[in-house]
Amino acid sequence: MSDEKKKLRSTAWFGPANKDGFLHRSWMKNQGVPDDNFDGRPVIGICNTWSDLTPCNAHFRDLAERVKRGVYEAGGFPVEFPVSSLGEPTMRPTAMLFRNLASMDVEEAIRAHPIDGVVLLVGCDKTTPSLMMGAASCDLPTICLSGGPMLNGKFRGRDIGSGTDVWKFDQAVKAGEMSLDDFMDAESGMSRSVGHCMTMGTASTMASMVESIGMGMPENAAIPAADARRYRLAQIVGRRIVSMVHEDLKMSKIVTRAAMENAIRTNAAIGGSTNAVVHLLALAGRLGVDLTLDDWDQLGRDVPTVVDLMPSGRFLMEDFYYAGGVPAVIRRLGEADMLNRDAVTVNGQTIWENNKDADNWDEEVIRPFDNALLASGGIAVLRGNLSPKGAIIKPSAATPELMKHRGRAVVFTSIEDYKARIEDPDLDIDENCVMVLQYCGPKGYPGMAEVGNMGLPPKVLQKGITDMVRISDARMSGTAYGTVILHTAPEAAAGGVLALVQDGDMIELDVEARHMHLDVSDEELARRRENWTAPESAMPGGYQKLYFDHVLQADQGVDFDFLVGCRGAEVPRDSH
Ligand code: FES
């Protein structure tokens, strides 16, 4: 056996000619594995989030088979293993509650097994960050393969986008502009192929983050799930991960500060989801990369949003792929001197080498910088007495006239309170009010649900008004839009000032100045705080109690305090 083979992690399991080696090899052989697969070749774990209950990832067993082909071709030994799968549309109370749990599953599964390199099969929203976070804490050679978006939704002769058009149709029904029968008819046309949401929602955003951070191969983000080129990519990924093991190209060599900066700028250019903020902050924390909430504001501020996709714009991921996808965007960033060109990617080349010749085939979908959808994209971070640790807004999804606003607060103390009262014709609210939602943050919900884009009251919608200022400690679906201030930190349940807001208080918003202010005196706030009681975990035990006790605030990525950091792949107290 060569020195390189002896150094492989898996050799500690499959190498020894003794009782332990017998145990590790013999049971694997019940799957028909030939002897030579244990000869010191790289063992590649294929970390699969397939589940019938995660419809966006339901095609992943096929994808895994294609990865295996590539691994075999390159002389590796593929082993597929399941981890927790987080299906956004089905999990209650919210898939985000389980992101950290899934990341623990991934980290421990990788470390516990004879794996030299990992392919992460990611798709639906939280499956991408949870797998990346878990793998980062082990830091083996790792490559992400996204499952790809669904084909464009179709309804009565026009394209409709996952999520985005659901919110629109729902508002239209409430405004009396769409019948319930038509609403139900749209359902099948929206999700008509394998794959994840095809708007620039969280899944497509995170797939684009994978590509721009360098953790995925070029074109990873946008190839539709149903396109044969997705399978080609899977096979190439299988080949490539074997080489990454030979090159010892670990995750920490790719996910650097420079790579994170590239991802943040890409997020601004594509009009990506606000959810990327908490996910990338958490990922940075796992690898010790110095990244803060303010980096999001500063790095994205001068980047124009050029990708004209829903929810900010008009088109969908299928159009984005045909137009040139993320490579065309990265080329634009590089040409505008907004790219760390030397950042290394999983294929061993730099991000610039990969993308410098990328074509843009449709300047309606990927617009030129001088004809951008929004001159200043990115995520704005708002501070003030209501959010001393920051709150965020996505200007590309907001109404320009509302970005500077002063209004009277109408407070909902929970999402249940909101649902119970929002349709009440006697609710004292008009379009100039500021809707405030409390106790929907990391601890408060728990799980920081995607409820920050709470719908408008029907009596306002019926006037033809489609947007109002909304403030919460919650998140918002990446497919949603509006003048919605999210991730307020500290959250209400952690004693943030958000908990002290009352009906009738005046709130000032000035996005340009990055400021948000509750116009109530410090003395009055101190008096209100004396009457405030910190909530307890809704569940007295189990995972949810662990979550409540250890979850960090939004400005720190909503990770668990004890999961921050890289613990490596060495098995502690290995008795073998
Ligand atoms: Fe899975 Fe949108 S619900 S990606």
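Criterion first (surrounded by fewer than 18 Cβ atoms within 10 Å (Cβ to Cβ) and over 21 Å from the mean Cα position of the chain (by Cα)) does GLY348 satisfy it? I'd like the intermediate steps shown before the answer.
Numbers: surrounded by fewer than 18 Cβ atoms within 10 Å (Cβ to Cβ): yes; over 21 Å from the mean Cα position of the chain (by Cα): yes.
Yes; evaluated as a whole, the condition is true for this residue.
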- Note on the structure: Over the stretch 535-545, the set of residues assigned to a loop (DSSP other than H, G, I, E, B) and surrounded by 10 or more Cβ atoms within 10 Å (Cβ to Cβ) is PRO535, GLU536, SER537, ALA538, MET539
- Task: Evaluate the stretch 135-150: report whether one residue or more is over 17 Å from VAL210 (Cα atoms) and either of a type in the set (D, E, K, R) or touching a helix residue (DSSP H, G or I) at 6+ places or on another chain (Cβ under 9 Å) (or both).
- Result: yes
- Qualifying residue in the stretch 351-364 (condition: of a type in the set (Phe, Trp, Tyr) and under 27 Å from ALA513 (Cα atoms)): no
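Would you call ALA513 at pLDDT 95 or above and not polar (S, T, N, Q)? Spell out the reasoning first.
On the way: at pLDDT 95 or above: yes; not polar (S, T, N, Q): yes.
Taking the combined requirement at face value, the residue satisfies it.
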- Message: Out of everything in the stretch 225-235 that is surrounded by fewer than 24 Cβ atoms within 10 Å (Cβ to Cβ) and assigned to a loop (DSSP other than H, G, I, E, B), what residue ends up being nearest to the ligand (Cβ to nearest atom)?
- Response: ALA226
- Out of SER162, SER212, SER191, SER179, report the one residue that is touching a helix residue (DSSP H, G or I) at 6+ places or on another chain (Cβ under 8 Å) and either acidic (Asp, Glu) or within 27 Å of ARG257 (Cβ to Cβ) (or both). SER212
- How many residues are touching a helix residue (DSSP H, G or I) at 6+ places or on another chain (Cβ under 9 Å) and of a type in the set (Ser, Thr, Tyr) if we restrict to the stretch 238-260? 2
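Considering only residues of the stretch 134-155 that are assigned to a strand (DSSP E or B) and not hydrophobic (A, V, I, L, M, F, W, C), which is surrounded by the fewest Cβ atoms within 10 Å (Cβ to Cβ)? It would help to see each step written out before you state the result.
Narrowing the stretch 134-155 to residues assigned to a strand (DSSP E or B): 142-146, 149, 153-155.
Applying the additional criterion that residues be not hydrophobic (A, V, I, L, M, F, W, C) yields 142, 146, 149, 153-154.
Details: THR142: 28, SER146: 31, PRO149: 34, GLY153: 27, LYS154: 14.
Among residues in the stretch 134-155 that are assigned to a strand (DSSP E or B) and not hydrophobic (A, V, I, L, M, F, W, C), the one surrounded by the fewest Cβ atoms within 10 Å (Cβ to Cβ) is LYS154.
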- Task: Give just the number: which of (1) within 16 Å of the ligand (Cβ to nearest atom); (2) over 16 Å from VAL326 (Cβ atoms); (3) in a helix (DSSP H, G or I); (4) in contact with a strand residue (DSSP E or B) (Cβ under 9 Å, 6 or more places away or on another chain) does TRP167 not satisfy?
- Result: (4)
- Query: Is it true that some residue in the stretch 238-251 is within 21 Å of the chain's Cα centre (by Cα), away from the ligand (no atom under 16 Å from the Cβ) and buried (at least 24 other Cβ atoms within 10 Å of the Cβ)?
  - Reply: yes
- Task: Taking the options SER212, SER188, SER204, name whichever one is assigned to a helix (DSSP H, G or I), touching a Ser or Thr at 6+ places or on another chain (Cβ under 6 Å) and either more than 16 Å from the ligand (Cβ to nearest atom) or on the phi < 0 side of the Ramachandran plot (or both).
- Result: SER212
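Scan the stretch 242-252 and give yes if some residue there is assigned to a helix (DSSP H, G or I) and of a type in the set (Lys, Arg), otherwise no. So that I can check it myself, show each step before the final result.
Our first condition is that a residue be assigned to a helix (DSSP H, G or I); within the stretch 242-252, this holds for 242-247, 251-252.
So of that shortlist, the ones also of a type in the set (Lys, Arg) come out as none.
So far as the stretch 242-252 goes, no, none of its residues is assigned to a helix (DSSP H, G or I) and of a type in the set (Lys, Arg).
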- Message: Anything in the stretch 546-576 that is more than 22 Å from CYS138 (Cβ to Cβ) and either without any contact (Cβ under 8 Å) to a residue 40 or more places away in the chain or assigned to a loop (DSSP other than H, G, I, E, B) (or both)? List them, or say none.
- Response: ASP549, GLN553
- Message: Quick check on the stretch 1-52: of everything there that is within 30 Å of SER130 (Cα to Cα) and of a type in the set (A, V, I, L, M), which residue is nearest to the chain's Cα centre (by Cα)?
- Response: ILE46
- Query: Given the structure, is PRO16 of a type outside the set (Val, Ile, Thr) and either closer than 30 Å to ALA276 by Cβ or assigned to a helix (DSSP H, G or I) (or both)?
  - Reply: no
- The condition from (1) in a helix (DSSP H, G or I); (2) modelled with pLDDT under 95; (3) more than 16 Å from the ligand (Cβ to nearest atom) that GLU177 misses is numbered (1)
- Task: Report whether or not ARG528 is under 22 Å from TRP296 (Cβ atoms), more than 16 Å from the ligand (Cβ to nearest atom), modelled with pLDDT of 95 or more and of a type in the set (D, E, K, R).
- Result: no
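Just to be sure I understand, how many residues within the stretch 253-300 are of a type in the set (Val, Ile, Thr) and in a helix (DSSP H, G or I)? Quick ask: steps written out before the conclusion?
Going residue by residue through the stretch 253-300, those that are of a type in the set (Val, Ile, Thr) are 254-256, 264, 266, 270, 274, 277-278, 289, 292.
Checking the rest, the ones that are also in a helix (DSSP H, G or I) come to 254, 264, 266, 270, 277-278.
Selection size over the stretch 253-300: 6.
The values are calculated or read from the model by the stated rules, or taken from the named source; none is laboratory data. From a predicted model like this one, the values you see are computed outputs, not experimental measurements. Because the Cβ atoms are built from the backbone with ideal geometry, glycine has one as well, and the counts that use them run over all protein chains shown.
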